[in-house]
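One structure is given here, and the rest of the page talks about it.
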Amino acid sequence: MSLKDKIQEAMKTAMKAKDKATLGTLKQIKAKIQLAETAEGVGTVLSEEQELKLLMKEAKQRRESADTYKSGGREDLAEVELVELKVIESYLPQQMSEEEVEAAVKELVAAVGATSPKDMGKVMGAANKKFAGVADMKVVSAKVKAALS
């Protein structure tokens, strides 16, 4: 079942439960999927990888907005963003913990043969492929910097 179909079913459930917050978030995601499908060309269906990237982008956007609202003293708006983030994250694969990321980054640095901060680009290129969808790339980047320092 594609992400679009899962979201459509979840929208029906949210409507029946009168869960406005979840329904609103699901509508936003569905709109983003439809926009991406039409941007590619008429009748194009997104691959699972493309759907995952789209969800990751939406989750990142919500996280950053929540942080911005919190730093601006708008806890009410930050809470809305965090609720939306929780809904989006329910469709993402289980994220790796910081300890798991750190261990995987050490293995990756050894596999790539990186020895200095100059090799950051080489390691991050491999990391983007390895951690796509399962880890926050900000955390990965910080762990790579620490491993190469």
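The values are calculated or read from the model by the stated rules, or taken from the named source; none is laboratory data. Treat the numbers as computed from the prediction; the structure is a model and nothing was measured. Virtual Cβ from ideal backbone geometry, glycine too; neighbours counted across all protein chains shown.
Every test in (1) buried (at least 17 other Cβ atoms within 10 Å of the Cβ); (2) within 30 Å of GLU9 (Cα to Cα) is passed by SER47 save one, and that test is (1). Identify the residue in segment 1-20 that is in contact with a helix residue (DSSP H, G or I) (Cβ under 9 Å, 6 or more places away or on another chain) and outside any helix (DSSP H, G or I) and, among all such residues, is farthest from LEU35 (Cα to Cα). So the residue we want is ASP19. Within segment 107-149, the set of residues being aliphatic (A, V, I, L, M) and exposed (fewer than 12 other Cβ atoms within 10 Å of the Cβ) comprises ALA110, ALA111, ALA146. In segment 108-145, which residues are over 23 Å from the mean Cα position of the chain (by Cα) and either of a type outside the set (Val, Ile, Thr) or closer than 23 Å to LYS57 by Cβ (or both)? Passing the criteria: ALA110, ALA111, GLY113, ALA114, SER116, PRO117, LYS118, ASP119.
Residues that are touching a helix residue (DSSP H, G or I) at 6+ places or on another chain (Cβ under 9 Å), part of a loop (DSSP other than H, G, I, E, B) and among the hydroxyl-bearing types (Ser, Thr, Tyr) within segment 29-70 comprise just one, THR44.
Test GLY73 against the stated conditions and say whether it is outside any helix (DSSP H, G or I), of a type in the set (Gly, Ala, Ser) and outside the structural domain of VAL139 (by TED's automatic domain parsing). Explain how you work it out, then say what you get.
Numbers: outside any helix (DSSP H, G or I): yes; of a type in the set (Gly, Ala, Ser): yes; outside the structural domain of VAL139 (by TED's automatic domain parsing): yes.
Spelling it out, GLY73 is indeed outside any helix (DSSP H, G or I), of a type in the set (Gly, Ala, Ser) and outside the structural domain of VAL139 (by TED's automatic domain parsing).
Per the listing GLY73, GLY41, the residue uniquely modelled with pLDDT of 85 or more and small (Gly, Ala, Ser) is GLY73. Taking the numbered list (1) of a type in the set (Gly, Ala, Ser); (2) more than 21 Å from SER141 (Cα to Cα); (3) in contact with an Asp or Glu (Cβ under 9 Å, 6 or more places away or on another chain) in turn, GLY113 passes all entries but (2). Of all the residues in segment 78-104, those that are β-branched (Val, Ile, Thr), surrounded by 17 or more Cβ atoms within 10 Å (Cβ to Cβ) and either in contact with a Ser or Thr (Cβ under 6 Å, 6 or more places away or on another chain) or at pLDDT 85 or above (or both) number 3.
Restricting to segment 53-107, what's the tally of residues that are over 15 Å from the mean Cα position of the chain (by Cα) and small (Gly, Ala, Ser)? Within segment 53-107, residues that are over 15 Å from the mean Cα position of the chain (by Cα) and small (Gly, Ala, Ser) number 6.
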